[in-house]
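Quick notes on the structure that follows.
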Amino acid sequence: MKSYHFRINISYQEFEKLYRTPNVAVKVRSDQGATIQLPAMRFVPFFTQLGVRGYFELQLSDENKFQHLVCLHA
């Protein structure tokens, strides 16, 4: 299993636009320097009045399949 950590800060208005667009992806750069592309829908559980903000951990299988996304702290 692979694990990546990254920080994200998307405003409410900006994420609302992403959320309404089908099949849109969010690109982030991990602390390890890897560029990661995730469907915006993966961030919906973390969407608040402030948007999507925090420090996240992404877990992928050895085949790079999504396993888990967790906000470590906002």
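The values are calculated or read from the model by the stated rules, or taken from the named source; none is laboratory data. Just so we're clear, the structure is a prediction, and the values are computed from it rather than from any experiment. Note: ideal-geometry Cβ built from the backbone for every residue, glycine included; neighbour counts use all protein chains shown. When the accessible area is computed, the model is the full protein with side chains, heavy atoms only, and any ligands, DNA or RNA have been set aside. Shrake-Rupley method; radii C 1.70, N 1.55, O 1.52, S 1.80 Å.
The number of residues in segment 1-11 that are exposed (fewer than 13 other Cβ atoms within 10 Å of the Cβ) and of a type in the set (Ser, Thr, Tyr) comes to 2. For segment 40-48, the criterion of being at pLDDT 95 or above and on the phi > 0 side of the Ramachandran plot is met by no residue. Selection of first residues in segment 1-20 that are within 17 Å of Thr48 (Cβ to Cβ) and of second residues that are hydroxyl-bearing (Ser, Thr, Tyr) and not in a helix (DSSP H, G or I), restricted to Cβ pairs under 9 Å at least 6 apart or on distinct chains, gives the following pairs, ordered by first then second residue: Arg7/Tyr55; Ile8/Tyr55; Tyr12/Thr48. Can you find even one residue in segment 17-30 that is of a type in the set (Lys, Arg) and at pLDDT below 95? Within segment 17-30, one or more residues are of a type in the set (Lys, Arg) and at pLDDT below 95. Across segment 32-72, the qualifying residues are those that are open to solvent by less than 40 Å² (accessible area, probe 1.4 Å) and among the aliphatic types (A, V, I, L, M), and the one among them that is nearest to Ile8 (Cα to Cα) is Val52.
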